[in-house]
1. Looking at the range 293-313, which of its residues are in contact (Cβ under 8 Å) with a residue 40 or more places away in the chain and within 16 Å of ligand 2 (Cβ to nearest atom)?
2. Considering each residue of the range 280-319, count those that are away from ligand 1 (no atom under 16 Å from the Cβ), surrounded by fewer than 21 Cβ atoms within 10 Å (Cβ to Cβ) and not in a strand (DSSP E or B), and give that number.
3. For residues that are surrounded by 19 or more Cβ atoms within 10 Å (Cβ to Cβ) and more than 9 Å from ligand 2 (Cβ to nearest atom), scanning just the range 201-221, find the one that is nearest to residue 297 (Cα to Cα).
4. Do we have residue 277 as more than 16 Å from ligand 1 (Cβ to nearest atom), closer than 22 Å to residue 112 by Cβ and in contact (Cβ under 8 Å) with a residue 24 or more places away in the chain here?
5. Among the residues of the range 262-279, is any away from ligand 2 (no atom under 15 Å from the Cβ), surrounded by fewer than 16 Cβ atoms within 10 Å (Cβ to Cβ) and not in a loop (DSSP other than H, G, I, E, B)?
6. Residue check: is residue 216 in a helix (DSSP H, G or I), at pLDDT 95 or above and within 13 Å of residue 138 (Cβ to Cβ)?
Ligand SMILES: [Zn+2]
Ligand SMILES: [Zn+2]
């Protein structure tokens, strides 16, 4: 009897974990297969295919950045001098992109509830009224920080890079210079972003930086499309600083657009709160990951993304199973008892 009680006590928090989620995808969550001990070529091809083809976040990004580059981008020569005209043009373009992507996703999933709660991880409503948010509402707060700070810092980094390229302070590579390298750089961008994101995000969880900046993003324990880029200006400065790599790596303005739009627009898609767009009973267009959704609920796990297994290497990986949750709670307990001495 005593042993049964003990077993039940141990089971209780674990089943509570499962009840906590409206929807869990196939677990354990998998990370990209590039960094395993025995990399399998077929797994790598399958993973890359799912990331890049056909209608995926990344293929759509390539399309959006191509259109931006061809039709909404001034010549480098124009950007050699800082002028209000082209800077405002870039700002308007970025504002339009952010409103289109986050706005349409919000309308689809939250205003018109086109998918109800199907494939939705956490079915709690977004907070319509709460004192912890700017303007007292989660949506108002998220839209404000995304547009006022997010789009401004995003545009400022683009202006810096384009101006630097135009003046020879950052190296430029055209498609005709080296076609293979040009394309390879597109494929390498998400890897670099993943590396940068993990370390910046770890730093943002350091007490003083967390309180100053990152706590604003973590007001969102449940997330919607506008939550992705809802950050403090200091976090935006750090988050977008991945672009500074282009002061070293020769690249085209197209790469800058792809890189910055990857950072900003996938922040919206990855925070929809849904795993994918469901049409009929088929999943189309993968969106948010359960991996990052758990970070918003539990804070001390899953700092990176699935492109590089940093969380596995540093012991903060939560793979979405009840066993992993028990281990996560144990890690937290022992950390707390160490802090208490
Ligand atoms: Zn987030
Ligand atoms: Zn965080």
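1. Of the range 293-313, the ones in contact (Cβ under 8 Å) with a residue 40 or more places away in the chain are 293, 296-297, 299-300, 303-312.
Across the range 293-313, the qualifying residues are 293, 296, 297, 299, 300, 303, 304, 305, 306, 310, 311.
2. Of the residues in the range 280-319, 7 are away from ligand 1 (no atom under 16 Å from the Cβ), surrounded by fewer than 21 Cβ atoms within 10 Å (Cβ to Cβ) and not in a strand (DSSP E or B).
3. The first filter runs over the range 201-221 and keeps only residues surrounded by 19 or more Cβ atoms within 10 Å (Cβ to Cβ), leaving 201, 204, 213-214, 216-217, 220.
Cutting the leftovers down to more than 9 Å from ligand 2 (Cβ to nearest atom) gives us 213, 216, 220.
Details: 213: 18, 216: 14, 220: 8 Å.
Selected residue: 220.
4. When the stated conditions are applied, residue 277 passes them.
5. Scanning the range 262-279, I find at least one residue that is away from ligand 2 (no atom under 15 Å from the Cβ), surrounded by fewer than 16 Cβ atoms within 10 Å (Cβ to Cβ) and not in a loop (DSSP other than H, G, I, E, B), so the answer is yes.
6. The answer is yes for residue 216.
The values are calculated or read from the model by the stated rules, or taken from the named source; none is laboratory data. Bear in mind the structure is a predicted one, so any value in this text is a computation, not a measurement. Here Cβ is always computed from backbone atoms with ideal geometry, including for glycine, and neighbour counts include all displayed protein chains.
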